[in-house]
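Right, one structure below, let's go through it.
What follows is calculated from the coordinates using simple rules that are stated; it is not laboratory data. Quick caveat, the model's predicted, so the values are computed rather than measured. Note that each Cβ is placed from the backbone with ideal geometry, even for glycine, and that neighbours are counted across all protein chains shown.
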Amino acid sequence: MNWCAKQGLRIAIDGPSGSGKGTVARLLAEKLDLPVLDTGLLYRLVGFLALRKGVALDDEAAVARLVAEVIPTVQWDQRGISHQGRWLDQELRGEHVGTAASKVAAMPEVRRQLLALQQRLAAHGCIMDGRDIGTVVLPDAEAKFFLTATQRERARRRWSQLQGLGREVDLDEVHAEIKMRDQRDASRKYAPLKPAADAIVIDSTTLRIDQVVDRMLAILHRRGLIEACAKNRHQ
Ligand code: DC
């Protein structure tokens, strides 16, 4: 079945680490021919650069200065994120960068600066995934989903992803890391991880990715936000 999205459709997908939101967002974007923006990459880029430049992760003013420098040099689209002309991917995926990202993401000034950038990029329709898309970045998005799964299952998924990247890691260590990250992301004062009041919550613990995507497509169709069309615009 081919689907066409309503002009300018914005879909927010939030959820904790390892909930599968990135994969689901990419698959949905392919099916609907919409750009997909992974906002975690922005926070990861800031964390990565702070680590590389030796900026202390508890010095909010210094991290905020770094963000102000970074924003004009950032290119960010469905391919991912580039900084000073270099596309970054593997460098941003490591657990230590994720932890640094979670620390800088708790800083209100960092969030404030990145908010405007995210809103500008989403203006003409997109699928955006993160932690606060439905609550803060796009509170008026036409559709909002909150994807979750048990902590153990999310740890197992992250562990298997890291194994796939050739990193030897212990499942219990990954679980402990996820637990700490969940606590930090959900308990921070500004834009904490939580479902928007009007978000549809999907627990993916026992679902395959394609089942999650099908469920979302059915919901979007029921709401009149997408329609079956004869052929995909790419064909
Ligand atoms: O989704 P991720 O693991 O790539 O995100 C990395 C960190 O960035 C995560 O710990 C929380 C933070 N983040 C956020 O606070 N708000 C977002 N919209 C996206 C990510």
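Over 29 Å apart at the Cα level, from the set Lys31/Lys144; Lys31/Lys189; Lys53/Lys194; Lys6/Lys189; Lys6/Lys194, are Lys31/Lys189; Lys53/Lys194; Lys6/Lys189.
Once Rg and the Kirkwood radius are both taken over the C-alpha atoms of region 83-171, their ratio Rg/Rh works out to 1.00. Using only Cα atoms and rounding to the nearest 10 degrees, what angle (0 to 90) does helix 108-122 make with the longest principal axis of the chain? Its long axis makes an angle of about 30 degrees. Overall, the ratio between the Cα radius of gyration of the chain and 2.2 N^0.38 Å, rounded to two decimals, is 0.99. Shown here for region 1-78: GluC sites (Glu not before Pro) in loop regions (DSSP other than H, G, I, E, B) with at most 12 other Cβ atoms within 10 Å, of which there are none.
Computing Rg and the Kirkwood Rh from the Cα coordinates of region 1-107 gives a ratio, Rg/Rh, of 1.02. Between 0 and 90 degrees, rounded to the nearest ten: what's the tilt of helix 95-104 against the longest Cα principal axis of the chain? That helix lies at roughly 90 degrees to the long axis. Sorting the segments 183-193, 14-24 by their mean number of nearby beta carbons within 10 angstrom, highest to lowest, gives 14-24, 183-193.
Taking Cβ atoms as reference points and 15 Å as the exclusive limit, the residues near Thr206 contribute a net charge of +2, counting Lys and Arg as +1 and Asp and Glu as -1. Unpaired cysteine residues in the chain (no second Cys Cβ under 4.7 Å): Cys126. Here is how the number arises for the chain: DSSP H runs of 4 or more residues each give -39500 (n - 2.57), the sum is divided by the residue count, and the result at 222 nm is -15000 deg cm²/dmol. For region 141-217, the equivalent ellipsoid built from the Cα gyration tensor has semi-axes of 24, 19, 9 Å, listed from largest to smallest. Would you tally the net charge around Arg93, using a Cβ to Cβ cut-off of less than 13 Å, leaving Arg93 out, and scoring K and R as +1, D and E as -1? Local net charge: -1. When peptides 121-131, 81-91 are ranked by their average number of other Cβ atoms within 10 Å per residue, the highest-first order is 121-131, 81-91.
Sorted largest first, the principal axis extents computed over the alpha-carbon atoms of region 60-118 equal 28, 26, 18 Å. Near the amide H of Ile127, within less than 5 Å, lie the amide hydrogens of Ile11, Val36, Leu37, all on another chain or at least 5 residues away, with H placed in the peptide plane.
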